[in-house]
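Report on the following structure.
Please treat every number below as a calculation from the coordinates, not as lab data. All values reported here derive from a predicted model rather than from experimental measurement. Cβ coordinates were reconstructed from backbone atoms using ideal geometry, including for glycine residues, and neighbour counts include every protein chain displayed.
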Amino acid sequence: MMPETVRCAKVISVGLLVGSVTAGIGTLLLASTAFGAAGGGDGGAPPVCTCGREPRDLDCGVTFNDSCGVPVCSATKKCPPPPPPPPPPTCNPGPCVYDSSPLACGETRYGWNGCSSCGSPQSGPSRGTCSVSTASCTLSTCGQTLTGTDNCGSCSVTCGPCATAPYSFAIPGDPQYGFSYPRPETKDLVGLAAKGNIIIGDYTSRAFEQDVLKFLRPAGGDDRKTKPYVVDETDRPMGYDNAFSSEVCKPSDSYKGKTSPCFDGNYDQQDKENGVAAYKLNPDGTIARDDQGNTIPRKFYESSLTDEAFRTILDTNGNGRVDQGDDPIFNATTGGVAKIEAVLFTNHALAGQVFADTLQIDGAMIARDDGLSFGNKLLLNHDMRLADTAGAANQEVVLPFSLSRPRLKKVTECPASGCP
């Protein structure tokens with residue numbers, strides 16, 4: 001039998017493979033514990049693989065596995081540490097250079113030194129002032145963009161939104177022309193009609209005496225606010241027939257074949273009831289008297305109640321006085337609104353003292369004389385049902401109808417700061 005070369009050896013301890021030998025029969029494995037082996041046997045250092053290839057023959061990080069008997073042989077070559085990363089590149093700035101091309105209108109430009117922006121900013125021509133501004137906006141251009149010019153060419157300004165309140169006619173309930181007003185049919189039509197007068201607020205107050213009464217009497221001089229006028233025959237029993245000799249009530253004026261009665265326009269005097277002088281009444285209906293036992297005359301603008309009884313009705317919060325806690329009309333807070341949703345109709349005067357910043361009447365106001373004093377604004381929203389005489393829903397309305405819708409006669413445009 002031919003001799004066989006030994007391919008693999010395993011060093012059990014720290015030692016050397018003696019060499020390859022030939023034997024007559026089989027394979028001879030030689031192990032040596034020479035060269036200062038410590039302790040011998042399997043208790044020494046971990047086995048060093050010498051199977052087929054040495055670790056030094058391997059590529060960095062590659063593990064070699066070989067089986068040349070038992071056990072399996074494995075070897076891994078360690079890799080050297082990676083080299084340090086190169087230092088970051090550095091920029092050496094050069095001189096600050098500016099682009100020599102023309103600057104556009106409104107453009108700002110800096111220089112460049114090869115690494116970053118540098119130098120002071122250079123600016124192009126200024127845009128200047130636009131030829132249009134918000135002062136150019138009018139009612140007809142609200143919500144639009146106006147185009148003008150400046151030093152750089154075209155420019156524009158956007159006008160503010162259109163006012164929600166219409167300056168002509170509103171169609172309540174219409175999504176475009178309703179201006180947030182609901183259709184009046186959603187509420188009952190209330191009519192407050194008086195054969196005599198309609199008074200709003202506390203006519204017993206000193207403010208009423210100072211601010212309202214001057215509109216209800218035809219005193220001489222600058223205080224003259226009312227004038228005599230012809231009245232209906234049915235007004236005679238209430239005392240409105242005290243001016244037959246007036247210049248406006250001439251015998252040629254006739255009513256059913258009779259001379260028309262005439263009122264002198266002074267509401268600050270005693271009226272009548274069924275043609276007899278009228279007086280204030282107690283709650284039980286008896287004639288009231290003052291502290292001296294005298295009867296108290298009732299004037300045209302007053303109710304039949306005594307002043308004390310009338311103020312008690314107005315004092316809804318029961319604090320003993322009439323104030324802003326009783327009704328919005330007595331609230332003088334800025335921006336406060338007192339609202340009356342009704343048709344106010346009287347043959348004679350509609351007067352009163354309203355302390356609220358705004359008095360809003362949704363319906364209508366019909367009167368011969370106006371003695372209404374209000375805080376800052378009076379808003380009148382005409383109920384469209386009063387203009388629709390053909391509407392089936394209005395056939396039972398026993399109030400005077402408008403012959404036609406009122407026509408817009410003048411529009412005054414307010415400045416951007418608002419209407420005065």
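Going from the residue with the fewest nearby Cβ atoms within 10 Å to the one with the most, PHE263, PHE208 rank PHE208, PHE263. Spacing of the modelled spin labels on ARG127 and GLU107, each 7 Å from Cα toward Cβ, amounts to 1.6 nm. Note on ILE313 and THR147: the extension gain reaches 53.7 nm, defined as 0.36 nm multiplied by sequence separation minus the Cα-Cα distance.
When TYR98, TYR203, TYR181 are arranged by Cβ crowding within 10 Å, least crowded first, meaning fewest neighbours, the order is TYR98, TYR181, TYR203. Of HIS382, HIS348, the sequence from fewest to most neighbouring Cβ atoms within 10 angstrom is HIS382, HIS348. For LEU314, neighbours were defined as the other residues whose beta-carbon sits under 9 Å from its Cβ, and their charges (Lys and Arg +1, Asp and Glu -1) total -3. Straightening the chain between CYS96 and THR204 buys 30.2 nm, computed as 0.36 nm per residue apart minus the Cα-Cα spacing.
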